[in-house]
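These notes concern the structure reproduced below.
The values are calculated or read from the model by the stated rules, or taken from the named source; none is laboratory data. Being a predicted model, the structure only gives us computed values, none of them experimental. Neighbour counts are summed over all protein chains in view; Cβ atoms, including those assigned to glycine, are modelled from backbone coordinates with ideal geometry. To get the accessible areas, we keep the full protein, side chains included, count just its heavy atoms, and leave off ligands, DNA and RNA. Shrake-Rupley method; radii C 1.70, N 1.55, O 1.52, S 1.80 Å.
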6 protein chains.
Amino acid sequence: MRPSGRAADALRSIVLEPGVARHAEGSCRIRMGVTEVLCTASVEPRVPPFLRNKGEGWVTAEYGMLPRATHSRGEREAARGKQSGRTQEIQRLIGRALRAVVDRKAMGEMAITLDCDVITADGGTRCAAITGAWVALHQAFEHCVLKNTIRRNPLQDQVAAISCGIWKGEPVLDLDYAEDSAAGADANFVLAGKGGIIEVQGTAEGAPFSDEQFLRLLALARQGTEQLFAAQRKAIHR
Amino acid sequence: MRPSGRAADALRSIVLEPGVARHAEGSCRIRMGVTEVLCTASVEPRVPPFLRNKGEGWVTAEYGMLPRATHSRGEREAARGKQSGRTQEIQRLIGRALRAVVDRKAMGEMAITLDCDVITADGGTRCAAITGAWVALHQAFEHCVLKNTIRRNPLQDQVAAISCGIWKGEPVLDLDYAEDSAAGADANFVLAGKGGIIEVQGTAEGAPFSDEQFLRLLALARQGTEQLFAAQRKAIHR
Amino acid sequence: MRPSGRAADALRSIVLEPGVARHAEGSCRIRMGVTEVLCTASVEPRVPPFLRNKGEGWVTAEYGMLPRATHSRGEREAARGKQSGRTQEIQRLIGRALRAVVDRKAMGEMAITLDCDVITADGGTRCAAITGAWVALHQAFEHCVLKNTIRRNPLQDQVAAISCGIWKGEPVLDLDYAEDSAAGADANFVLAGKGGIIEVQGTAEGAPFSDEQFLRLLALARQGTEQLFAAQRKAIHR
Amino acid sequence: MRPSGRAADALRSIVLEPGVARHAEGSCRIRMGVTEVLCTASVEPRVPPFLRNKGEGWVTAEYGMLPRATHSRGEREAARGKQSGRTQEIQRLIGRALRAVVDRKAMGEMAITLDCDVITADGGTRCAAITGAWVALHQAFEHCVLKNTIRRNPLQDQVAAISCGIWKGEPVLDLDYAEDSAAGADANFVLAGKGGIIEVQGTAEGAPFSDEQFLRLLALARQGTEQLFAAQRKAIHR
Amino acid sequence: MRPSGRAADALRSIVLEPGVARHAEGSCRIRMGVTEVLCTASVEPRVPPFLRNKGEGWVTAEYGMLPRATHSRGEREAARGKQSGRTQEIQRLIGRALRAVVDRKAMGEMAITLDCDVITADGGTRCAAITGAWVALHQAFEHCVLKNTIRRNPLQDQVAAISCGIWKGEPVLDLDYAEDSAAGADANFVLAGKGGIIEVQGTAEGAPFSDEQFLRLLALARQGTEQLFAAQRKAIHR
Amino acid sequence: MRPSGRAADALRSIVLEPGVARHAEGSCRIRMGVTEVLCTASVEPRVPPFLRNKGEGWVTAEYGMLPRATHSRGEREAARGKQSGRTQEIQRLIGRALRAVVDRKAMGEMAITLDCDVITADGGTRCAAITGAWVALHQAFEHCVLKNTIRRNPLQDQVAAISCGIWKGEPVLDLDYAEDSAAGADANFVLAGKGGIIEVQGTAEGAPFSDEQFLRLLALARQGTEQLFAAQRKAIHR
């Protein structure tokens, strides 16, 4: 029995609430069990310098955590004067994941920033951020279509992410914080709605893992993201 | 008629939700109309260096705004690598306001950090932060009393804050963003439950204001904070 | 008897020396007792980005303190790599105070930076900076009129500032450092020559203060600034 | 035919030169074709604060690139005042990879920093850094055994890393810069000498990749690291 | 005829005013023509970490320039968030120059910081800072002798500095800003009272200079510093 | 006998290897005994803002040291977030030294950055950097002539640098680290191929030195740079 009491292939309860941010063009609050991330999508009618006059758009992400999102208070990155390596790694991952399903030519020269701010952390925040950011991004693109700044929604597929790990030798899906701390390996899978792998990051935290174990983690992730894709579709059709 | 349609002496709807943060010793979500601030109180069993071995506690505050709390996206302070002057000014104000009603000797050598993070901004965020932080601080102190780390709650009084301004020559209470932008003067009042003035910050943004105008603003603020004090008392007795 | 031996309503000796800075378009050294601040006004023929092509000018301020202006040496902000929250709060106040009496349309697209550097600190440096900066700004505008870069001096009124406090229950004017440290409340008043209130910042450092006390502080401030206005007028007519 | 003319499963020429750094306890220059990385291992007789008095050692890594290691000059991170997100991500990866094969209890309370500085970049620098750093670390541990500061070499296994990618639909081993820029997917594999997976990072840069493709990349990586492990063994037995 | 109209070997007017800073243990305002630098010496009863428990003292310097000390306003280093390379180079020079004449064993474990802040700049500020800082340091040491924290003044010699340059082929003493801008070479000499060379920094800004020219600059510097030494002696005996 | 066993006027072994950097327009690895510096010259077809539209080129330098170039590991400046005062002083010196022999009008509006990175440090790194950077710069200019971006090589002379010092009262040439630590005075001479002095920096680290000593150091430096000039000529004619 895993610490959370869930079956090896059980996700935590998922709640996706689109449109929660009063001012943003797109937004989604995602809850995966206790973990809660607020994702907003902000549209700006210009691209960063390296893309100017190329007729393409840009999608990027920033990630943050409220100081008391965690069990003990973490230092505020704005006060410390810099973002940690972990923060930068996560926000680069979120940006790559979303860009993988966007037709940037179809965006024209505009940029969307996805802000993913963790309100409560209990494991899996980077995966929740990706899953929620996709809904926020979809809403922002729909907003642009309505405003006639783009002709069609440039999203080509869904993208969602989930973590898996090996707990007492057993592959399990969707680690919470307690499970993650105790897991012997931890892998984050970013998968596309049509089935492909967009990004895989697997780390053996104790003993290295075998190819078989890795394949079972991938299978669990595929099963988990199917449910996330369904939840996303439901959220955008509300 | 003021832009919000409210009477000159009408507060926006107030909602105080204590205990919303899963991990913090104390917390309160405050909504003043659309403005929403999440306040958490984090207890640490040590004081900053300048207070060591003096037998006193410390209360301090940090303030932040999610990038898309505002109409157009603001730069993330953690990414920019420093907190703005405005942020520092506000967090210093919140800290002073709360310390004014705490018996720091009674705390013993412990420190509480109040994190006030603006989820949605529509004017009056610093005042809402003070009002909500008092509830979070009260809850944190009660937690310490329960844990026997202090003998009694060191809060000596309530503290709440409200902004007032002069709109088309008329003193009005509790400015929202649209009103604040158009106001000729803007004053923030931090008042104590027993009636005293803890802090006053008044700024004439257009023409200087007269003593009479200033006194009418103070009277409005007193009327407004009475309602805030009542809401605080209700929140801590839930 | 207050620590300085002055009557409750007595200012320290005031000396305003305009034109002391060799290279600046405007300047004034102000001494309030031992406190000494050097204020310079620097004219630049362009405005910050947010004002471009709006036909208005800009006035802003920066504040600094020599490391050994104080009783014990303070860390040099340039060496530490950032300005403190206190410094930023003060320089924002000085900028707002001066902008309140400038017709920015009449300036055209030019910017003036007021540098207020504390040579010796003995309380009241932010107030002295405002009072001295007004003289430096006046001189810089006169310089521009002479050079024909503006047609008339855009200053619409005088502005001066003074601190008041409550010492052993007694409202007193113009606190020096020793008095400020011992005062139960401290308020800075920025007043206009024609009588209006431009900015008020009052903080109860011990017990909250009452409305009556606050009004007596305001009356003292008005009395003190009358003398400062007279000194400013004398300085600009030398 | 791939751009480099190599067979799909061919590594670039590998040169490992241990002991090249005059002052370091351990070092290795690694060349993978044109890519050249200098790895040094520096021993310090103390651990970071979070490990004090736990009887364990620490291994960490820092990564840098000479400004003109690349085709066009990159900004010097020391001059810019911060390390990029990419740099931080890479140095965190190198540190994790090496720690995975170290018995930190057997180290006792000492720390080793692996500095991996890229002299010439032509793709695969993070993988080369890991492979070379293992040799430097081995040498440093042998140095400590000789000096009697540890009893036995705490390395439990070899670790090496290699990138693979999909070039025109074809999985290929060990991408150089030109190939990496054109590849449709890019995966870095950090493998253990005894066969386990220590870390996998796969990113679809164009279309998502399938499970089958991913498994073929893993097989290529295993084949490539076998040669790297042999080269490492040869290097440490010189 | 040189731009200033002075003879080739003429110094500008020198004024040294010791004791001008109200709070500092030692201070001196130095004027060399229009150039004006305020030097303060601050005593602290502890040394930096690298000197702890060695029974020696430390003398260090910091240098700054008020933003409008110069013809056009310079950016405030505290606002920019770092000291320029020029500032750091100068403050390192001042510290080395003064340490060269201090018996640091005789100081015991205390540190003196020399703050040299340029009020008005017209060339030669680093040299003026050294000459003035010596007077401030002397005064601070005398203060310590009086307070019995040291037994005797640890200064072993005088130190003063002057710049020389080649103007239209002619070696000249004590360049002001206009001369410095036009000079073909610029050398700063830091000389000891007893005749030795403490530091020489010569830079050919146009054509390289010959040994003969260099020796003539040194002779001029020696002549100039004789007058500075006399002025220092007069200042400390006031 | 000096610590290195060399005669008072003997240089260490010199090796100059031009063209070692795969991607740079010009490069040179210089070894002076154990000291090793990699110098690259990077050409960019634009000048910094202060030179725009003046028809002149720019030459600048940056200096760095690999963390384990030294006996004990030094902190990485990129990780610390700023360059030390020493680094900035050295890179300013290198830039000035090279600019002194360049006809910047003949360059046209292009900029060359000289990156000097110390691979192994054993004293004299700044001097080696200047000597090696001249070869890299020469090669970069030849590259531009070949590419027809400039008509002729704008170098007007050679430049090389060497340190001298006083060891047990005896002037000696080319100090290594052990000698430098023990020397009573240390001077760096930057000399031109045609015989002039470009820059002199002499510092008495113990007792001040006399004019005679200084002249003997200069004579030694001239003798040493003759050999460096010969080595540079040989390097560029390979």
Expected vector for the range A:103-112, Karplus 3J(HN,Hα) from phi with 6.51, -1.76, 1.60 and θ = phi - 60°, integer Hz, x for Gly and Pro, equals 7, 5, 5, 5, 6, x, 7, 9, 10, 10
Chain C to chain A by rotation: the residue of C with the beta carbon nearest the axis and the rounded distance in Å are C:Gly81, 5
With one decimal in nm and the nearest listed first, the spacings from A:Met1 to its own position in the other copies, using label points 7 Å along Cα-to-Cβ, are 6.3, 6.5, 8.0, 8.0, 10.3
Between the alpha carbon centres of the range F:135-167 and the range B:25-70 the gap in Å comes to 59 Å
Sequence order, the range A:21-34: Karplus ³J(HN,Hα) from phi using 6.51 cos²θ - 1.76 cosθ + 1.60, θ = phi - 60°, Hz rounded, Gly and Pro as x, gives 8, 3, 9, 7, 5, x, 6, 7, 9, 10, 10, 10, x, 7
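All other residues with a Cβ under 15 Å from the Cβ of C:Ala183 taken together, and with Lys, Arg as +1 and Asp, Glu as -1, what is their net charge?
Once all neighbours under 15 Å are counted, the net charge is -4.
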Membrane-span-like helices (DSSP H runs, Cα span along own axis at least 27 Å, mean Kyte-Doolittle at least -0.5) in chain B -> B:125-146, B:211-237
Within the set C:Val190, C:Val37, C:Val47, GNM on chain C using Cα springs under 10 Å gives the largest fluctuation to C:Val47
In the protein assembly as shown the DSSP beta bridges are antiparallel at a rate, in percent to nearest 5, of 85 percent
Taking a crude spin-label model, label points 7 Å out from Cα along the C-beta direction, the C:Ala7 to C:Phe50 distance in nm is 4.5 nm
Of B:Ala128, B:Ala106, B:Ala192, the most mobile residue in a GNM of chain B (C-alpha springs, cutoff 10 Å) is B:Ala106
Inter-copy distances for F:Thr60, label 7 Å out on the Cα-Cβ vector, sorted ascending, nm, one decimal, are 2.2, 2.3, 2.8, 3.1, 3.7
Averaged over residues of B:71-78, the number of beta carbons from other chains lying within 10 Å of each residue's Cβ is 6
Amide H proximity to A:Met65 below 5 Å, modelled H, separation 5+ or other chain, gives A:Val118
The size of the Cβ-based charge dipole (Lys, Arg +1; Asp, Glu -1) of the range F:14-237 about the Cα centre, to the nearest 20 debye, is 860 debye
About its Cα centre, the range E:137-238 carries a charge dipole, from +1 on Lys and Arg Cβ atoms and -1 on Asp and Glu Cβ atoms, whose size in debye to the nearest 20 is 880 debye
Output row for B:Gly19: copy-to-copy label distances, label 7 Å along Cα→C-beta, ascending, in nanometres, one decimal, is 3.2, 6.9, 6.9, 7.2, 7.9
Which residues qualify? For A:Glu205, with a placed amide H closer than 5 Å and at least 5 residues away or on another chain, they are A:Ala185, A:Asp186
Sorted by accessible surface (1.4 Å probe, heavy atoms of the protein chains only), largest first, B:Ser210, F:Ser27 come out as B:Ser210, F:Ser27
Averaged over the residues of C:201-214, the number of partner chain Cβ atoms within 10 Å of each residue's own Cβ comes to 6
For F:Glu75 and B:Glu226, extending 7 Å from Cα along the Cα-Cβ vector and measuring point to point gives, in nm, a value of 5.8 nm
For D:Lys105, counting only lysines whose alpha-carbon sits under 27 Å away and dropping same-chain residues fewer than eight positions off, the answer is A:Lys168, D:Lys54, D:Lys147, D:Lys194
Sorting E:Met1, B:Met110 on solvent-accessible surface, 1.4 Å probe, most exposed first, gives E:Met1, B:Met110
Asserting the computed 222 nm helical MRE of chain B (DSSP H runs at least 4 long, -39500 (n - 2.57) per run, divided by residue count, to nearest 500) equals -10500 deg cm²/dmol
Reduced to Cα centres, the span from the range C:187-237 to the range B:205-229 in Å works out to 18 Å
Expected integer from the mean partner chain Cβ neighbour count at 10 Å over D:17-30 is 3
Residues whose modelled amide H sits under 5 Å from the amide H of A:Ser4, counting only those 5 or more places away in sequence or on another chain, are none
Around D:Gly19 (Cβ within 10 Å, Cβ-to-Cβ, excluding D:Gly19; K/R +1, D/E -1) the net charge comes to +2
Mean-square fluctuation maximum in Gaussian network of chain F, Cα pairs under 10 Å, restricted to F:Thr125, F:Thr35, F:Thr149, hits F:Thr149
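Tell me, what is the percent relative contact order of chain C, built from C-alpha pairs under 8 Å that lie six or more residues apart?
23 percent
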